[in-house]
Amino acid sequence: MADKTFLSWPFFEDRHRTLADGIERWCATNLPVDHGNVEAACRELVQKLGRDGWLAHTAPNPEAPSPLDVRTLCLIRETLARHDGLADFAFAMQGLGAGPISLFGNAGQKEWLKGTRRGETIAAFALTEPRSGSDVANIELTARRFGNGYILDGEKTWISNGGIADLYVVFARTGEAAGAKGISAFIVPKDLVGFSVAEKLEVIAPHPLARLELDRVTVPASAMISAPGDGFKVAMATLDIFRSTVGAAALGFARRALDEAVARVKSRELFGGPLADLQMVQGTIAEMALDVDAAALLVYRAAWAKDTAAARVTREASMAKLFATERAQRVVDKAVQLHGGDGVRHGHIVETLYREIRALRIYEGASEVQKVVIARHTLAGA
Ligand SMILES: Cc1cc2nc3c(=O)[nH]c(=O)nc-3n(C[C@H](O)[C@H](O)[C@H](O)COP(=O)(O)OP(=O)(O)OC[C@H]3O[C@@H](n4cnc5c(N)ncnc54)[C@H](O)[C@@H]3O)c2cc1C
């Protein structure tokens, strides 16, 4: 049974504790799912999460808007990740994909949120390109003005939900200025002429991922989110919210690894007693527990700050993501070690966690990028 004492921390309100109970019960009934066909599994998870109301937390209701609650997003992601990494992915991408519309969309654009909140429309966030990942301001996909619209040309890669999404928010160079100030965000439905999935990408923990090609894709001017040149701001504000939630997913993987390790060292008999009696093993368990709690403090501090006080929490979110993902990798590695040979057996839960955690240190800003952000704020005296 995962530790729940953190729910009594002052970051949370009673509604969060009730929600944490609810999502735990939902996970116990519905997860894990069979990942044999990862695209089908992901579609099914989105439908189920939508049907049972969980996706309603990923975007504001267009008819009664209220701000996204980051503590809620983090609690749901942490719990889903503890049970099934693909379920966390399905939930998270609905939020990230729809995030630019939730935060900056006009009333017409927000109509899309009805479908993403119900799990009837799958969303994707298309920023990365083959020649610009960490160097976001360098994107090359162009959007040229043509009549009352824009023509989009170029490539996107590493796009989560690529191939199964109905709706892509695509960031493109509109050229108002050089670099970050010359980018705009567009809503691109999947069935537009010239839009195609060029390649499906396979990774160590299978999720739907693709490289996309846009060959003279025409969108109306009304597809632009916010104003021309605002795309970088739109992307960064979206990441400001969802970065802390990546830390929460990492925390979920770490908690599961710790639970598995504790169960293992208590039940495994070695040298005439349980493995848990060996002091070096106890030292490892203590380090794991410390990393989990410290990560939880940073994740829920960032979420609480966003919900209650600060307009931007760039520094706090970067700290949460950096620490939680790096320490989760360490915790999971220790769990594998404590399982001995079983820990590296294909399909064992700690082996799965070992594969699941890795990409979190790279996407939505690699760890080094988070350090750059934290250092910039610290040096500026923020
Ligand atoms: C599983 C997965 C899902 C993803 N989903 C999406 C998605 O839905 N949408 C989307 O747009 N993108 C997505 N991405 C892309 C992701 O955001 C990029 O992979 C990430 O930003 C890194 O870019 P890159 O792969 O081009 O690596 P590069 O930019 O080439 O960086 C390589 C490495 O260089 C180092 N580095 C980078 N910058 C610095 C620095 N300033 N100082 C020191 N070292 C540095 C880091 O170690 C980094 O990992 C996804 C990626 C993965 C792996």
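The values are calculated or read from the model by the stated rules, or taken from the named source; none is laboratory data. Keep in mind the model is a prediction, meaning the values are calculated, not measured. Neighbour counts run over all protein chains shown; Cβ positions are idealised from the backbone, glycine included. Side chains included, ligands, DNA and RNA excluded: accessible areas come from the protein's heavy atoms. Shrake-Rupley method; radii C 1.70, N 1.55, O 1.52, S 1.80 Å.
General observations
- Taken over the alpha carbons of the stretch 1-69 as equal point scatterers, the Debye sum produces base-10 log I(q)/I(0) values at 0.13 Å⁻¹ of -0.52.
- Distant-in-sequence amide contacts of VAL313, defined by a placed amide H-H separation under 5 Å and a gap of 5 or more residues or a different chain, comprise nothing.
- Rounded to the nearest Hz, the phi-derived 3J(HN,Hα) couplings of the stretch 346-363 under the Karplus curve 6.51 cos²θ - 1.76 cosθ + 1.60 (θ = phi - 60°) are 4, x, 5, 4, 6, 5, 5, 4, 4, 7, 4, 6, 4, 5, 5, 7, 10, 7, where x marks glycine and proline.
- Both radii were evaluated on the Cα set of the stretch 127-261; the Rg over Rh quotient, with Rh as the Kirkwood radius, amounts to 1.04.
- Shape annotation for the stretch 162-242: C-alpha extents along the principal axes are 36, 31, 20 Å, from largest to smallest.
- Against the rule of thumb 2.2 N^0.38 Å, how large the Cα Rg of the stretch 19-109 comes out: 1.09
- In terms of overall dimensions, the stretch 250-301 has a Cα radius of gyration and Dmax of 12.6, 44 angstrom.
- log₁₀ of I(q)/I(0) at q = 0.25, 0.27 Å⁻¹ - the stretch 111-165, Debye sum with one point per alpha carbon: -0.96, -0.98
- R0 of 30 Å, Cβ-Cβ distance VAL344-ARG17: FRET efficiency to nearest 0.05: 0.20
- Helices in the chain, meaning DSSP H runs of at least 4 residues, each add -39500 (n - 2.57). Divided by all residues, the mean residue ellipticity at 222 nm is -17000 deg cm²/dmol.
- Total formal charge among the other residues, if their Cβ is under 10 angstrom from that of THR142, Lys/Arg +1 and Asp/Glu -1: 0
- Computed extension length for ALA198-ASN106: 30.0 nm, one decimal, from 0.36 nm per residue of separation with the Cα-Cα distance subtracted.
- Local electrostatic count at ASP291 - Lys and Arg +1, Asp and Glu -1, tallied over other residues with Cβ under 10 Å: 0
- Solvent-accessible area per residue for the chain (1.4 angstrom probe, square angstrom): 43 Å²
- Relative contact order (percent, whole number), the stretch 116-211, Cα cutoff 8 Å, 6+ residue spacing: 29 percent
- Radius of gyration and Dmax over the Cα atoms of the chain, both given in Å: 21.0, 80
- Sorted from greatest to least, the principal axis extents spanned by the alpha carbons of the stretch 297-382 come out as 48, 25, 19 Å.
- The local environment of LEU55, defined by Cβ-Cβ distances under 12 Å, has a net charge of +3 under the rule Lys, Arg +1 and Asp, Glu -1.
- Based on C-alpha pairs under 8 angstrom that are at least 6 apart in sequence, the stretch 181-330 has a relative contact order of 25 percent.
- Potential lengthening of the chain between ALA28 and MET236 amounts to 71.4 nm, from the contour at 0.36 nm per residue minus the alpha-carbon distance.
- Note on the chain: with a GNM built from Cα contacts shorter than 10 Å, the maximum mean-square fluctuation among PHE242, PHE271, PHE171 falls on PHE271.
- Greater than 19 Å apart at Cα, pairs in LYS114/LYS190; LYS181/LYS306; LYS48/LYS156; LYS48/LYS114; LYS181/LYS371: LYS181/LYS306; LYS48/LYS156; LYS181/LYS371
- Calculated FRET efficiency for the pair ALA221/ASP52, C-beta based, R₀ 45 Å, to 0.05: 0.75
- Cβ-Cβ FRET estimate between ASN61 and THR5, R0 fixed at 30 Å, reported to 0.05: 0.40
- With the highest mean first, a sort of the peptides 95-105, 28-38, 258-268, 11-21 on other beta-carbon atoms found within 10 angstrom per residue produces 95-105, 258-268, 11-21, 28-38.
- Residues whose amide H lies under 5 Å from that of GLU129, counting only those 5 or more places away or on a different chain, are THR157; hydrogens are built 1.01 Å from N in the peptide plane.
- Calculated log₁₀ intensity ratio I(q)/I(0) where the Debye formula runs over C-alpha points of the stretch 222-374, q = 0.16 Å⁻¹: -0.85
- At 0.692 mPa s and 37 °C, Stokes diffusion of the stretch 81-199 via Kirkwood alpha-carbon radius, µm² per second: 218 µm²/s
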